[in-house]
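A.B. asks: Shown below is the structure under consideration.
The values are calculated or read from the model by the stated rules, or taken from the named source; none is laboratory data. Worth saying up front: this structure is predicted, and the values here are computed from it rather than measured. Using ideal geometry, Cβ is built from the backbone for each residue, glycine included, and neighbour counts are taken over all protein chains shown. Heads up: the accessible areas ignore ligands, DNA and RNA and are worked out on the full protein's heavy atoms, side chains in. Shrake-Rupley method; radii C 1.70, N 1.55, O 1.52, S 1.80 Å.
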Amino acid sequence: MSKLRVESFAVSIDGFSAGPNQDLQNPLGVRGPELMGWVFPTRMFQKMFGQGEGETGIDNGMAEQGFEGIGAWILGRNMFGPVRGPWPDESWKGWWGEEPPYHTQVFVLTHHPRAPLKMKGGTEFRFVTEGIHSALEQAKKAAGGKDVRLGGGAATVRQYLRAGLVDELHLAVRPVLMGAGEPLWQGIDMHALGYECWKQVAGERATHVFLRKRA
Ligand SMILES: NC(=O)c1ccc[n+]([C@@H]2O[C@H](COP(=O)([O-])OP(=O)(O)OC[C@H]3O[C@@H](n4cnc5c(N)ncnc54)[C@H](OP(=O)(O)O)[C@@H]3O)[C@@H](O)[C@H]2O)c1
């Protein structure tokens, strides 16, 4: 059965998944790149966005497995970009250039309607204003039996967790203190929601923790 998976989701040791004050110069918020320090050197990331070959260690394996078996994505509007409020025009097309790394339909949660946006390489952004259940229903249909990846950010992941809709989470826990930013766990009691940590793997630059629903 098609699952809803959170993969390679970086979180600081004090529970933040992005730095504060996101803008065009700081897509991950101020000091946000410290959260992603585990993924930048990997082969997965370098092949997607960089020039070099990248590293092929444990962190890379973790990053690569997050793309396996994925047939559609769900993102929050702030992960898609820094534009807030009603879309002033159609010019913002995501952080990722003409060919984003999704290659599937991507359902972007927003309160502000916008026409679908087709990109090179099979990515199509579809803007969903009817809430998380509608986005998941549409994403599962688009995924055609494959899994749906919940890309984030934190506000979006929190909503799906609270609704008990996330089947699996892979967190990349980073040994950094953000102090401020987007909190992953705010208002969430993961134990009461029925989750357990069932595996941990020490990577080169992050500890990978896997959560799932208790049997
Ligand atoms: N740590 C990681 O691995 C990781 C992964 C992904 C992203 N990030 C970072 O996280 C940050 C973004 O996270 P975030 O928590 O600020 O925001 P987010 O979850 O990306 O987006 C939140 C926005 O999405 C829209 N939205 C969310 N739920 C909705 C609903 N049910 N109905 C309608 N619209 C809804 C709203 O926008 P509107 O009301 O404006 O339409 C809301 O303000 C970015 O800096 C990004 O780079 C980190």
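Residue-wise test of (1) in contact with a Gly (Cβ under 9 Å, 6 or more places away or on another chain); (2) closer than 26 Å to G144 by Cα; (3) at pLDDT below 95.
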| site | (1), (2), (3) |
| --- | --- |
| F67 | no, yes, no |
| W73 | yes, yes, no |
| N78 | yes, no, no |
| P88 | no, no, no |
| W92 | yes, no, no |
| H103 | yes, yes, no |
| F107 | no, yes, no |
| R114 | no, yes, no |
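A.B. asks: Just name the residue that is most open to solvent (accessible area, probe 1.4 Å) out of those in region 151-199 that are touching a Leu at 6+ places or on another chain (Cβ under 6 Å) and in a strand (DSSP E or B).
C.D. replies: C197
A.B. asks: Here is a further query. Working only within region 58-80, note down all residues that are open to solvent by 30 Å² or more (accessible area, probe 1.4 Å) and away from the ligand (no atom under 11 Å from the Cβ).
C.D. replies: Applying the first criterion (open to solvent by 30 Å² or more (accessible area, probe 1.4 Å)) to region 58-80 yields 58, 61, 64-65, 67-69, 78-79.
Of everything in region 58-80, those that are open to solvent by 30 Å² or more (accessible area, probe 1.4 Å) and away from the ligand (no atom under 11 Å from the Cβ) turn out to be I58, G61, E64, Q65, F67, E68, G69.
A.B. asks: Pairs needed: first member in region 151-169, within 7 Å of the ligand (Cβ to nearest atom); second member anywhere, part of a helix (DSSP H, G or I) and of a type in the set (D, E); C-beta distance under 9 Å; at least 6 residues apart or different chains.
C.D. replies: Every condition considered, no pair remains.
A.B. asks: If you scan region 13-57, which residues turn out to be near the ligand (Cβ under 10 Å from one of its atoms) and among the acidic types (D, E)?
C.D. replies: Once the filter is applied, which keeps residues that are near the ligand (Cβ under 10 Å from one of its atoms) and among the acidic types (D, E), region 13-57 yields only D23.
A.B. asks: Under 16 Å from the mean Cα position of the chain (by Cα) and among the hydrophobic types (A, V, I, L, M, F, W, C): which single residue out of F67, F49 fits that description? Spell out the reasoning first.
C.D. replies: Numbers: F49 fails: under 16 Å from the mean Cα position of the chain (by Cα).
Of F67, F49, the one residue that is under 16 Å from the mean Cα position of the chain (by Cα) and among the hydrophobic types (A, V, I, L, M, F, W, C) is F67.
A.B. asks: Follow-up question, since we're still on this one. For region 83-124, which positions are within 27 Å of G69 (Cβ to Cβ) and within 13 Å of the ligand (Cβ to nearest atom)? Break it down into steps so the answer makes sense when it comes.
C.D. replies: In the first step, residues of region 83-124 are kept if they are within 27 Å of G69 (Cβ to Cβ); the result is 93-110, 116-124.
Residues satisfying the conditions are G94, W95, W96, P101, Y102, V106, F107, V108, L109, T110.
Conditions tested, residue by residue: (1) touching a Phe, Trp or Tyr at 6+ places or on another chain (Cβ under 7 Å); (2) more than 23 Å from Q200 (Cα to Cα); (3) without any contact (Cβ under 8 Å) to a residue 60 or more places away in the chain.
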{"residue": "F9", "(1), (2), (3)": "no, no, no"}
{"residue": "Q25", "(1), (2), (3)": "no, yes, yes"}
{"residue": "R43", "(1), (2), (3)": "no, no, yes"}
{"residue": "M79", "(1), (2), (3)": "no, yes, no"}
